[in-house]
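The values are calculated or read from the model by the stated rules, or taken from the named source; none is laboratory data. Quantities reported herein were computed from a predicted structural model and do not represent experimental measurements. Every residue, glycine among them, receives a Cβ derived from its backbone with ideal geometry; neighbour counts consider all protein chains shown. Please note that ligands, DNA and RNA were not included when accessible areas were found on the heavy atoms of the full protein model with its side chains. Shrake-Rupley method; radii C 1.70, N 1.55, O 1.52, S 1.80 Å.
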Amino acid sequence: MSALIVVAFSDEHRAAEVLVELRRREWDWVADLDYAVVVGWNPRGNLRVQLDVDPTTREGGGWARVWGSLLRSALFLQNTDGIPEAAENLAADPGGHLEAKASGKVAAPNANWWRKKLRISEDFIRDIGAVIQPGDSAVFTFLQTPKIVSVLKQLRNYGGTLLHTSLSQEQEEILKEALAPRR
């Protein structure tokens with residue numbers, strides 16, 4: 001069983017603090033936090049995204065595309081294309097000696113992908129946008145564990161607003177396909 005989980009906090013830095021604290025735990029599901037993303041939205045309306053992926057792998061680009069498209073959809077952001085582009089550029093050239101790429105940009109899943117292809121409910125996406133406002137922060141993660149209920153209880157101990165939706169096996173496969181490295 002797997003789930004898409006969002007924990008929102010009414011402080012622009014709390015989500016980053018909680019993610020660090022969670023990673024220090026020895027719970028069996030903590031490894032799933034390797035691809036979590038933290039969003040901090042300061043009161044001036046500036047959004048900060050902390051995508052914690054290994055920049056030397058192409059898998060990081062897949063997560064950047066997926067999280068960027070969810071943020072664009074749920075938070076009504078005009079453009080999050082820089083998130084996957086930055087991750088993919090690092091993965092393509094971890095040494096920092098980037099040359100012009102002939103292949104062009106990698107397409108990210110759009111808002112319709114979440115609703116129509118992955119079949120995530122409109123209510124879940126709407127609720128994300130409702131609980132994350134300027135001055136807030138949130139942790140977004142995809143967990144694969146048979147103990148989702150136990151994980152949710154553990155996450156509640158950190159305060160904040162907890163949103164989650166379970167994914168079927170078919171939805172997991174669609175997500176994994178979207179995460180696959182692009183050539």
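What to note about this one:
- Qualifying residues in region 28-75 (those that are surrounded by fewer than 16 Cβ atoms within 10 Å (Cβ to Cβ) and among the hydroxyl-bearing types (S, T, Y)) - the one farthest from D123 (Cα to Cα): T56
Condition check ((1) aromatic (F, W, Y); (2) farther than 24 Å from E21 by Cβ; (3) under 12 Å from the mean Cα position of the chain (by Cα); (4) modelled with pLDDT of 80 or more) across all residues:
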| position | (1), (2), (3), (4) |
| --- | --- |
| W41 | yes, no, no, yes |
| R44 | no, yes, no, yes |
| Q50 | no, no, yes, yes |
| D54 | no, no, no, no |
| R58 | no, yes, no, no |
| L71 | no, no, yes, yes |
| Q78 | no, yes, no, no |
| A87 | no, yes, no, no |
| A91 | no, yes, no, no |
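- Any chance T161 is open to solvent by less than 10 Å² (accessible area, probe 1.4 Å) and hydroxyl-bearing (S, T, Y): no
- Taking every residue in region 18-35 that is more than 19 Å from W63 (Cα to Cα) and pairing it with any residue that is open to solvent by 20 Å² or more (accessible area, probe 1.4 Å) and assigned to a helix (DSSP H, G or I), at least 6 positions away or on another chain, the pairs with Cβ-Cβ distances below 7 Å are W27/Q154.
- Every pair of residues 6+ apart whose Cβ atoms lie under 8 Å, when the first sits in region 118-142 and is under 20 Å from V20 (Cα atoms) while the second is surrounded by fewer than 17 Cβ atoms within 10 Å (Cβ to Cβ): G135/S10; G135/D11; G135/N42; G135/P43; D136/S10; D136/D11; S137/D11; S137/H13
- Once region 135-168 is narrowed to residues that are touching a helix residue (DSSP H, G or I) at 6+ places or on another chain (Cβ under 8 Å) and β-branched (V, I, T), the residue that is farthest from Y35 (Cα to Cα) is T161.
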